[in-house]
Each structure stands twice: as structure tokens, then as C-alpha cells.
Amino acid sequence: FGVGTAPALLGISLADAALVRHRLTLNRVSQVFVLVMGVWYLWRGFAALLLPGPVAAPDSAAAHQTAGALAALRHHPAVDSVKVGVWVRGAAAAQVAGAAALAEPAAAFAVLEGVPANTLEEARPYQVLARRRVPVLGLYAALDTTVRVRDSSRRLRSAVGYRRLTQVRTIPAATADFLIPGRTSPNGQWQWPQPAPGYWEGLEQWLRQVTQ
């Protein structure tokens, strides 16, 4: 998978051959986090795949990469072509969401993590998901300092609409990588960062609902 700030494509397939695909921008912490996440999904009947992308690219590259990936996956014999979606984190989300919505057919779902929607202008690109009736799971981490969580979650919610299965959630006490920060326990022992409660389980539940 990608290194540094390289974008990567994460694919997850259900054991019943319903293959779902996600796109994700990785940083050094996220690389380890997503690798562990892939193993976690494998234990629950999913298969995970990471495909690397360029370290630096123009804005349109994310859209072209997403469109190409969706088309390729839909022609793969192991893929259920009606259950292909995208998963994106961070600044590339607007381009990825647009490509996912404008694909023919549109993506089956979109998972948007920590996407900037601080202003009405930043939120506008996600309206196309509502117009194309793409179910959206928007996730924000309460301790994420890269976006204004309250403003972004509110504006994203308005942009993606209120259709069935479309949700926008904020995970309490979580960093931008949806981890609970490391801390010293009351007995003086160091506790390493841990996945935020409900994050992975919530993803799995939502994905199973949207791809059933």
C-alpha cells in the first residue's frame, strides 16, 4: 500500500461474494491502522486489498483513479458489480465522491471519513451523491483538528441528504485516525492507542446493510 501521504485504494469483499471497494488516503499512522483493519475484516468474513496511488498528483487524478477503479472492479469475475462503492478520507474526498456519483451506474455507497465541509462551498461537491441517490456514511472523529468537526458534520449532513441508510456520525474521544489516544491508566500502566469504540463495528454493520 501507499507510503507517506500516498492515496491508496482499499477493497473489502463479503464472504458471500458481494465485493465492496473503498478509497482511502493514508498517512504513516493510518498505514498500520488500515492494515490491522484489513485483518480485522478478514476475521469477520471479509477480504481486504490495498492498491497504491501516486504520492503527489493534481486534484483531477483522484477522480480519474476512482472512475477507473470502479470500472475495472465491475468487470472482475469475483466482484458483484452492483455492490461496488468508495471509501475516502480527507481532502481528496470531493473528487472521489464526484467520480463515484457520476459513474454509470453510480457507486453503490460512499464512506466519507473526516472530509472537509467547513463551508457551504466545501460541502457543495457532495450534493451530487444525494442527487444520484448514493447511500453515504459520513464519519468524523471528535478530536480531529484538520477539520471543524461540528461545522463539517452539519454541512455534510445537509449536502448528502436524508435518504434511508445515509448517516453522518461523530465518534467521541477519537483522533483523526479514529483511535483513542494512548494514556496512563489509573494504576500507572501505559495504555497504547486503541480503536475508538463502535468505529469498526459500526462500519461493518453499515456495509452489510447497504450491500445486502
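The values are calculated or read from the model by the stated rules, or taken from the named source; none is laboratory data. Owing to the predicted nature of the structure, the values given are computational and were not obtained by experimental measurement. Here Cβ is always computed from backbone atoms with ideal geometry, including for glycine, and neighbour counts include all displayed protein chains. Calculation scope for accessible area: heavy atoms of the full protein, side chains included, ligands and nucleic acids excluded. Shrake-Rupley method; radii C 1.70, N 1.55, O 1.52, S 1.80 Å.
Some observations on this one:
- For the stretch 151-194, the candidate set comprises residues that are among the charged types (D, E, K, R) and in a loop (DSSP other than H, G, I, E, B); within that set, the residue that is nearest to Glu113 (Cα to Cα) is Asp177.
- Residue match in the stretch 112-133 (condition: basic (Lys, Arg) and buried (at least 23 other Cβ atoms within 10 Å of the Cβ)): no
- Some residue of the stretch 149-157 being at pLDDT 90 or above, at positive phi and basic (Lys, Arg): no
- Residue match in the stretch 183-190 (condition: closer than 18 Å to Arg89 by Cα, touching a strand residue (DSSP E or B) at 6+ places or on another chain (Cβ under 7 Å) and either surrounded by 15 or more Cβ atoms within 10 Å (Cβ to Cβ) or of a type in the set (Gly, Ala, Ser) (or both)): no
- Filter pass, Leu143 being surrounded by 16 or more Cβ atoms within 10 Å (Cβ to Cβ), in contact (Cβ under 8 Å) with a residue 40 or more places away in the chain and either part of a helix (DSSP H, G or I) or among the hydrophobic types (A, V, I, L, M, F, W, C) (or both): no
- A count restricted to the stretch 158-172 and to residues that are modelled with pLDDT of 95 or more and either of a type in the set (Ser, Thr, Tyr) or more than 24 Å from Ala99 (Cα to Cα) (or both) stands at 5.
- Cβ-Cβ under 9 Å pairs, at least 6 apart or on other chains, the stretch 67-92 side without any contact (Cβ under 8 Å) to a residue 60 or more places away in the chain, far side buried (at least 23 other Cβ atoms within 10 Å of the Cβ) and among the basic types (Lys, Arg): Leu70/Arg21
- Residue match in the stretch 100-108 (condition: open to solvent by 90 Å² or more (accessible area, probe 1.4 Å), hydrophobic (A, V, I, L, M, F, W, C) and in contact (Cβ under 8 Å) with a residue 24 or more places away in the chain): yes
- Candidates are the residues of the stretch 195-212 that are open to solvent by 90 Å² or more (accessible area, probe 1.4 Å) and not in a helix (DSSP H, G or I); the one that is farthest from Val84 (Cα to Cα) is Pro197.
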